[in-house]
Structure formats: C-alpha cells, structure tokens
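A short reminder: the numbers here are calculations on the coordinates, not readings from a lab. Model, not experiment: these values are computed from the prediction. Virtual Cβ from ideal backbone geometry, glycine too; neighbours counted across all protein chains shown.
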Amino acid sequence: MNKVIEADFLPRGSNVDFSWPNSTPASGVNQKRRILIVDNDRDTTHLVKILLEKTGRYLVLGENDASRAHQSAGNFRPDLILLDIVMPGTDGGDVAARIEADPELHNTPIIFLTALVTRAEAKTGLHIQGHPFLAKPISIPELINTIEKHLPAHVAF
C-alpha cells in the first residue's frame, strides 16, 4: 500500500525541475529547518514527514489535532507551518488566526494545504488569508520548492 501512496506524492517521469537536496545545506549551516505539519490525516502527515526528513534539511513535527496546533507550534517553534484547511472541529483558518495573533509566532510563515482547489488554481499565485497554498494530493518536489521559497533566511550567530 505504501507504494501506491508514494506514487501520489512523487513524480513519475516528471517534467518538474527537482532533485533531492544534498544532506548538508550549501550555506554550511548544519542546523535543520523546523517544519510543523498540521493535518488530521495521520497517513499524510507521516508520509510527508518521512519524505521531508529524507532530504536531510528538515526536522518535522506532525500534529493531527487542530485544537492542539497552536500549543504544538509554541513548543516546537517551527521555521514554517504546513496547515491543512479542512479539519474536524477547528479548521486551518482558525489555527492560522491564533498563530498570527501570538506575538512569538506571528512571523512564522504558513503554507496552507487543501483539497478544495485544483493544482491549476494553486499555481495562479492567489493566497488564502494572505498565505500561499498547495493543492492536495501534495507533490513533494513542489512542496519542497514552496517551503524553500517561504522559509526565512538562516541567521548566523
């Protein structure tokens, strides 16, 4: 079953310009970027976590309960949040509003993940609540490119 799931996430004979990044960032900074993924689908969260961590560039925390997403973000201090929109109980828009209202998290970039739009609509450059979004099922190369585009620059100490 994993092979079927992975096929939805990885390009086959893809015309997308992508290759797995080297395990050591080009800048020489060895610190992995912290990504929080909030999605009620445990299988999706787990698979995206594995595939992002496989690059060697990210440390990923999955949260499957939207009502705990703000607390998880506060504890984990992510560099970027991947946030599903449609979830039972608390939706992604509510989670984003709480994060934006938190003075310690309000600058954390959020990328919405949604099955409510097509890939073509997602590529138009429109935003949801001011945040970029990607269509589900997620293309991992497209996800990584979007993450890299929206991650804040590393600060050297």
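Taking region 31-150, how much of its Cα-Cα pair set, in percent, is spaced more than 21 angstrom apart? Counting every Cα pair in region 31-150, those more than 21 Å apart make up 30 percent.
Sequentially through region 66-75, phi angles give Karplus couplings (6.51, -1.76, 1.60; θ = phi - 60°) of 4, 5, 9, 4, 5, 5, 4, 5, x, 6 Hz, Gly and Pro residues having no value and appearing as x. Amide hydrogen proximity for residue 87: with H placed 1.01 Å from N in the peptide plane, the residues at 5 or more positions away or on another chain lying under 5 Å are 92. In this simple spin-label approximation, residue 86 and residue 53 carry label points 7 Å from Cα along the Cα→Cβ vector, and these lie 2.9 nm apart.
Contour minus end-to-end for residue 42 and residue 148, with contour as 0.36 nm per residue of separation and end-to-end as the Cα-Cα distance?
Full-extension gain reported as 35.8 nm.
Relative to the current alpha-carbon distance between residue 102 and residue 129, full extension at 0.36 nm per residue lengthens the span by 8.1 nm.
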